[in-house]
């Protein structure tokens, strides 16, 4: 007598090969990683386009810059830094300006005989386009502990702290680090020591 020990089995559904799941999972992981990196770069390194002539000869109309938000999360702006900030006079169509930091918190900034003085010492400014002939009347500003005095390198056409006053640290978006357009001007923006 023979005994059949096999019980009735249900048919198995075919499973896709394990390799296909791995490939799909890898592609999804890479996609999520790339989206995260892109988002972080957008948040930490926004881009900006130069409009107007206020920063000539350092920047000209249409040049495109990469701005670092990170620099001022770990440190403070220094004299000579070129910063992008929310304009105190702006509307939604023109939310930001680009200028050079001239005065630091707690300092006294003075324009006397068309020259800039910091705490009574004349500022060395090799970056300006030409001597100031307009909007340079004698005046003095005393900066609070969180205020910065900013000016354009082309003083005769710049709308800057001379008209709207000092800006607060919280208004600063970031520091201009890199010029990427047009290609013949590509490169890092060098810090100028003006102390």
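Laid out as a table, the results:
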quantity	calculated
Spin-label pair residue 145/residue 76, simplified geometry with 7 Å Cα→Cβ offset, distance in nm	1.0 nm
The stretch 54-69 and the stretch 106-182: distance between their alpha carbon centers, rounded to Å	16 Å
Virtual spin-label span in nm between residue 156 and residue 114, 7 Å along Cα→Cβ	0.9 nm
Whole-angstrom Cα spans of the stretch 47-188 along principal axes, big to small	40, 32, 29
Order of 28, 55 under a 10 Å beta carbon neighbour criterion, fewest first	28, 55
Length-normalised contact order of the stretch 47-188 in % [C-alpha pairs under 8 Å, at least 6 apart]	31 percent
Residue order, fewest to most beta carbons within 10 Å, for 139, 100, 64	139, 64, 100
Residue exposure sequence - 59, 178, 85 - by fewest surrounding Cβ within 10 Å	178, 85, 59
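All of the numbers you see were taken from the coordinates with simple rules; none came from a lab. What you see is a predicted model, and the numbers here were worked out from it, not measured in a lab. So basically every Cβ, Gly included, is an ideal-geometry build from the backbone, and we count neighbours across all protein chains shown.
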